[in-house]
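Here is the structure we will look at, set down as structure tokens.
Only the coordinates and a few stated rules stand behind these numbers; no lab work does. Just so it is clear, the structure is predicted and the values come from calculations on it, not from any experiment. Positions of Cβ are backbone-derived with ideal geometry, glycine not excepted, and every protein chain shown enters the neighbour counts.
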Amino acid sequence: MASSAPLIDSFGRRVDYVRVSVTDRCNLRCTYCMSEEMTFLPRKDLLTLEELELVCAAFIRRGVRHLRLTGGEPLMRRGIMELVNGLSRHLESRALDELTLTTNGVRLPEFAGPLAAAGVRRVNVSLDSLDRATFARIARNDCLDQVLAGIEAARDAGLKVKINTVALKRDNHGELPELIRWAHGKGMDITLIETMPLGVVDEDRTDQFLSLTDVRRELESFWTLTDLAERSGGPARYVRVAETGGRLGLITPLTHNFCDNCRRVRLTCTGTLYMCLGQDSSVDLRHVLRGAPDDAGRDAALDTALDRAMQLKPKAHDFMLPVRGARPAVARHMSMTGG
Ligand code: SAM
Ligand code: SF4
């Protein structure tokens, strides 16, 4: 019999949120995320859409209430709507509270309507600049217009959009207040993210790293920021900007520790379950899925693997502030683990 016991780690934290990377591929090449020339995984290593759905169902049986599909670029996975439609059945049965997506927005004009029809209510869209040339430099692709059209398509389809912006010392530092004003002007939350040392990229991360503690101080020189109590079960802390009336999230993995209340785990597109973005402890669920003799055996083996995973969830990550020329703290790219 498949278990329905909640997933509780050895520090008593209940895991009810899973980020699922559905592909490591992407139509962009953001400088902080990928190298210009990336070698992507062979297709045979990826979980099939059916396998992804099975693992998600196992998590849902064990009390996971929030699923976020990510990547790579989730809307680049062929057949992605089959997975979304399959998972939306758990929304209808109310076993799942929320199915969301983190996307670069380029393909949202095509997908916003179908996503909304499947019961998706919110999407996070990454946008690091409103200036066409700056956007093109960061993403190594000149497609700001598509992303802006994608954001409008999502809003038109009734999806709530949150903007994610990676704070970059050279590329968008001076533009951050304008981005915040723009998002808040449209009634959207925006979250700033510090660059994290994940995977080798072409640039030196010390050149890109911008402390959000410093950004906050700068914003406070002309805006009134009030801390808000709400948390997302994740790393963001939120403030209200009095002058714009909007909510601003700050993700500061390097300068603050946010691990005490962590409820998340992350599944890669190859079926490796990572208990923490910033640590290497993992469990191979693809092996479990493909090794089982039948459906019942597979579900039992998945349960055992999830229980083992809970014992491996670390108390905290061990990111360090970037040191010039140093290897990244974690070798895998964000596009592999799923941001
Ligand atoms: N392609 C989608 C997108 O860009 O939204 C989803 C995947 S992307 C890996 C998820 C988020 O991770 C994006 O907001 C991106 O900006 C962020 N990200 C990628 N690499 C990062 C890094 N090294 N440090 C901090 N954030 C990173
Ligand atoms: Fe692609 Fe997202 Fe990484 Fe940019 S951040 S390269 S859009 S996966």
Most to least packed among 224-230, 213-219, 157-163, 171-177 [average Cβ atoms within 10 Å]: 157-163, 171-177, 213-219, 224-230
Once every DSSP H run of n ≥ 4 in the chain is given -39500 (n - 2.57) and the sum is divided by its residues, what mean residue ellipticity at 222 nm do you get, rounded to the nearest 500 deg cm²/dmol? -9500 deg cm²/dmol
Nearest 0.05, what FRET efficiency do residue 182 and residue 284 give at R0 = 41 Å with Cβ-Cβ as r? 0.45
At a 4.7 angstrom Cβ threshold, list every cysteine in the chain that has nobody to pair with, or say none. 26, 56, 143, 259, 262, 269, 276
Please report the antiparallel percentage of the DSSP beta bridges confined to the stretch 17-337, to the nearest 5. 30 percent
For residue 292 and residue 117, FRET efficiency with R0 = 35 Å and r from the beta-carbon atoms, rounded to 0.05? 0.55
Projecting the Cα atoms of 252, 32, 133 onto the charge dipole of the stretch 17-337, where Lys and Arg contribute +1 and Asp and Glu -1 at Cβ, the residue farthest towards the positive end is 252
Find which of 124, 172, 273 sits farthest along the positive direction of the dipole of the stretch 17-337, computed with +1 on the beta-carbon of Lys and Arg, -1 on that of Asp and Glu, about the Cα centre. 273
Amide hydrogen neighbours beyond the local backbone of residue 228, cut-off 5 Å, H modeled: 238, 239, 240
Once the in-chain neighbours fewer than 8 apart are removed, the aspartates and glutamates whose Cα is under 16 Å from residue 313 read 9, 16, 260, 280, 284, 303
Suppose the Debye formula is applied to equal point scatterers at every Cα of the stretch 17-337; what is log10 I(q)/I(0) at q = 0.07, 0.15 Å⁻¹? -0.27, -1.35
